[in-house]
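A.B. asks: Quick one: structure below, then a few questions.
The values are calculated or read from the model by the stated rules, or taken from the named source; none is laboratory data. Predicted, not measured: the structure shown is a model, and the values here were computed from it. Neighbour counts run over all protein chains shown; Cβ positions are idealised from the backbone, glycine included. These accessible areas exclude ligands, DNA and RNA; they are computed on the full protein's heavy atoms, side chains included. Shrake-Rupley method; radii C 1.70, N 1.55, O 1.52, S 1.80 Å.
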Amino acid sequence: RYSDHQQDAKRALEAARRRAGTTQTGERATFRLARLHLDQLRDPGAAARWFDTYLKEHPQGRSAEKARGLRMQALKKAGKLKEAHQAAQDYLRLHPQGLYRTSAEGILQR
């Protein structure tokens, strides 16, 4: 994932997700797929969809708060401002003192 082989990483994570399903390994693979799309592949729309998948499958998962915050940012980067606004409201409702609070507040001010 951290090398110049993003497509290989994508295929490996997708395979791990298929094999592991919604187990802890599958949970990690789903979150990492979202991060890969956001950080390395520069595809915020796909990242938001993967974060959605993560949150549907693991709403109380280990990385749920982070997934909500990053999903909100990915939606903003993808130009989906109405969805980003809703995601920011949801984030603050669920995590009023969370790591992405400032980002959520900034989205809501626009």
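A.B. asks: When the chain is treated as a GNM, springs tying every alpha-carbon pair under 10 Å, which of 21, 45, 69 comes out with the largest mean-square fluctuation?
C.D. replies: 21
A.B. asks: When the helix-only estimate is applied to the chain (DSSP H runs of n ≥ 4, each -39,500 (n - 2.57), divided by the residue count), what is the mean residue ellipticity at 222 nm, nearest 500 deg cm²/dmol?
C.D. replies: So the calculated ellipticity at 222 nm is -22500 deg cm²/dmol.
A.B. asks: Oh, and also: Going Cα to Cα from residue 56, which aspartates and glutamates come in below 19 Å? Please leave out same-chain ones fewer than 8 positions away.
C.D. replies: Partners found: 14, 27, 65, 83, 90.
A.B. asks: I'm checking a number: the convex hull volume of the Cα atoms of the chain, normalised per residue, in Å³. What is it? Display every interim value, and only then the final one.
C.D. replies: Details: hull volume 9.9 nm³, N = 110.
Output value, Cα hull per residue: 90 Å³.
A.B. asks: Going by the alpha-carbon gyration tensor, a ≥ b ≥ c the square roots of its eigenvalues, is region 10-63 rounded (a/c under 1.5) or, if a/c is not under 1.5, prolate (a/b greater than b/c) versus oblate?
C.D. replies: Details: a/c = 2.19, a/b = 1.27, b/c = 1.72.
Because a/c hits 1.5 or more and a/b fails to exceed b/c, region 10-63 counts as oblate.
A.B. asks: Just by accessible area at a 1.4 angstrom probe, what is the order of 85, 5 from largest to smallest? List each step's numbers first, then the result.
C.D. replies: Numbers: 85 60, 5 110 Å².
Output order, biggest surface exposure first: 5, 85.
A.B. asks: Additional query: Can you tell me the FRET efficiency between residue 15 and residue 82 if r is taken as the Cβ-Cβ distance and R0 is 35 Å, rounded to the nearest 0.05? Provide the component values of the computation, followed by the final result.
C.D. replies: Working: r = 34 Å, r/R0 = 0.98.
Working from the Cβ atoms, E equals 0.50.
A.B. asks: Continuing with the same structure: Which value, in Å², gives the accessible area per residue of the chain when a 1.4 Å probe is used on the protein heavy atoms? Don't jump to the answer; show the numbers that get you there.
C.D. replies: Working: 6590 Å² over 110 residues.
Here the per-residue accessible area is 60 Å².
A.B. asks: Next up: Suppose we look only past 19 Å in the calculated P(r) of region 53-110. What percent of the Cα-Cα pairs does that tail hold? Don't jump to the answer; show the numbers that get you there.
C.D. replies: On the way: 318 of 1653 pairs.
In whole percent, the long-distance tail amounts to 19.
A.B. asks: So how do 55-68, 94-107 stack up, highest first, on mean other-Cβ count within 10 Å? Intermediate values should be presented prior to the final figure.
C.D. replies: Numbers: 55-68: 16.6, 94-107: 14.9.
By packing density, highest mean first, the sequence is 55-68, 94-107.
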